[in-house]
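Structure record follows, encoded as structure tokens.
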Amino acid sequence: MSSRLEVLCAGLIVADHVCTPIAHLPAAGELVMADGMLLTIGGCAANAAVDLAKMDVRVGIVGRVGSDVFGRVVTEILRDGNVDVSGIKTSARADTSQTLIVNVQGQDRRFIHTFGANREFRANDIPLASLEKVKVLYLGGYLAMPGVTQEELAPVFSAARARGVTTVLDIVVPAKGEYRSQLDKLLPHVDVFLPNQMEGEIITGATDPLKQAEVFQSMGAGTTIVTMGSDGAVLVQKDLRLRSGVYAVPFVDASGGGDAFDAGYIYGLLHGLDPEDCLRVASALGASCVRAIGTTPGVFTRAECEVFMQEQVLKIERI
């Protein structure tokens, strides 16, 4: 793995099968036509890595794929996207993780998912030696990788921070359940925590995103940002409380929007931006993602993002 990396993304790598919005879900035996279908990358780590590369960030990825055709496809897409893929391991036993994403006009997405090789990912897959020069370690998809425990991940995050690396954690909550016991030892080692509102409600029981963020702060997270889709985001950091709106863009597919938001926030951290400006970049990348089907095709390049932010205003208020 290159010693020149700025960010190391670890966690979920998925092959996504996604359709353009269809008129309605098919009934049993019915054929419904879509204007287009796409086989592309998915998974928090893969998405964020490609998005960061589009923003001219030197980024590598650590994760697992199968020896099947889908593993070869997603690895090639990542490599073509200027992501260092030398940290990807190939499983001899499991197929590449896959998600079928069904978009229906006027409705939220529907997902059918298989863990695949992500089931074999472990915290010790993250090479501590490669963190000597890295500025940010991002783990995406915690709670959706059965082999990753906080008992093993917390020491990795602690070791990263001891090297001056900023730790960023995003989660995927696969179903309702009890998750605080999988976060209580980990969050004190997390500099930036990025759940969405639905995940926050499942974990904390609170419906208000601000209250959710404050619970995570009380559990030890450095900065918590709860994303709320079209309602923006809430940031809590020590005595700072921010609520951001969203940029208005044509909506096609929300897949990958949260991961693009993460990439934008990380870009802001790398460039020493304050929390408000980090939110602006994050919101711009998140908005750009939803303009096209798939998790990364619509995401801005750095030049496109800079022009967009010069022309558009994002409302951010202190609360």
Mind checking which residues of segment 55-79 are touching a helix residue (DSSP H, G or I) at 6+ places or on another chain (Cβ under 7 Å) and of a type in the set (Asp, Glu)?
56
Within segment 207-215, does at least one residue satisfy the condition of being among the acidic types (Asp, Glu) and either assigned to a helix (DSSP H, G or I) or under 27 Å from residue 151 (Cβ atoms) (or both)?
yes
Restricting segment 257-309 to residues that are crowded, with 16+ Cβ neighbours inside 10 Å and among the polar types (S, T, N, Q), the residue that is farthest from residue 21 (Cα to Cα)
283
With (1) buried (at least 18 other Cβ atoms within 10 Å of the Cβ); (2) free of Cβ contacts under 8 Å to residues at least 24 places away in the same chain; (3) not small (Gly, Ala, Ser) as the list, and residue 235 as the residue in question, which single condition is left unmet?
(2)
Which residues, counting only those in segment 310-319, are β-branched (Val, Ile, Thr), in contact (Cβ under 8 Å) with a residue 60 or more places away in the chain and exposed (fewer than 15 other Cβ atoms within 10 Å of the Cβ)?
319
Would you mind stating whether residue 82 is open to solvent by 20 Å² or more (accessible area, probe 1.4 Å), closer than 17 Å to residue 295 by Cβ, touching a residue at least 24 places away in the same chain (Cβ under 8 Å) and in contact with a helix residue (DSSP H, G or I) (Cβ under 6 Å, 6 or more places away or on another chain)?
yes
Please work out which residue is modelled with the highest pLDDT, limiting yourself to segment 169-201 and to residues that are open to solvent by less than 50 Å² (accessible area, probe 1.4 Å) and over 29 Å from residue 59 (Cα atoms).
179
Restricting to segment 91-116, give me the number of residues that are out of contact with any Gly (no Cβ under 6 Å at 6 or more places or on another chain) and open to solvent by 40 Å² or more (accessible area, probe 1.4 Å).
15
Would segment 35-51 turn up any residue that is open to solvent by 10 Å² or more (accessible area, probe 1.4 Å), in contact with a Lys or Arg (Cβ under 8 Å, 6 or more places away or on another chain) and of a type in the set (Asp, Glu)?
no
Is it the case that segment 161-168 has a residue that's touching a residue at least 40 places away in the same chain (Cβ under 8 Å) and open to solvent by 10 Å² or more (accessible area, probe 1.4 Å)?
yes
Which members of segment 141-160 meet the condition of being hydroxyl-bearing (Ser, Thr, Tyr) and either buried (at least 18 other Cβ atoms within 10 Å of the Cβ) or in contact (Cβ under 8 Å) with a residue 60 or more places away in the chain (or both)?
142
Every residue from segment 8-34 that is buried (at least 24 other Cβ atoms within 10 Å of the Cβ) and more than 22 Å from residue 72 (Cβ to Cβ)
8
Have a look at 234, 215 and point out the one that is in contact with a strand residue (DSSP E or B) (Cβ under 6 Å, 6 or more places away or on another chain) and either charged (D, E, K, R) or farther than 30 Å from residue 36 by Cβ (or both).
234
Restricting the search to segment 207-219, which residues are open to solvent by 30 Å² or more (accessible area, probe 1.4 Å) and either among the small types (Gly, Ala, Ser) or touching a Cys at 6+ places or on another chain (Cβ under 7 Å) (or both)?
218
With respect to the numbered conditions (1) among the hydroxyl-bearing types (Ser, Thr, Tyr); (2) at pLDDT below 95; (3) open to solvent by less than 50 Å² (accessible area, probe 1.4 Å), which one is the sole condition not fulfilled by residue 138?
(2)
Cβ pairs under 7 Å, 6+ apart, first in segment 100-124 and at positive phi and in contact (Cβ under 8 Å) with a residue 12 or more places away in the chain, second open to solvent by less than 90 Å² (accessible area, probe 1.4 Å) and in a strand (DSSP E or B):
116/66; 116/98
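The values are calculated or read from the model by the stated rules, or taken from the named source; none is laboratory data. Note that this is a predicted model, so its numbers are computed, not measured. A quick note on method: Cβ atoms are made from the backbone with ideal geometry, for glycine too, and the neighbour counts reach across all protein chains shown. To get the accessible areas, we keep the full protein, side chains included, count just its heavy atoms, and leave off ligands, DNA and RNA. Shrake-Rupley method; radii C 1.70, N 1.55, O 1.52, S 1.80 Å.
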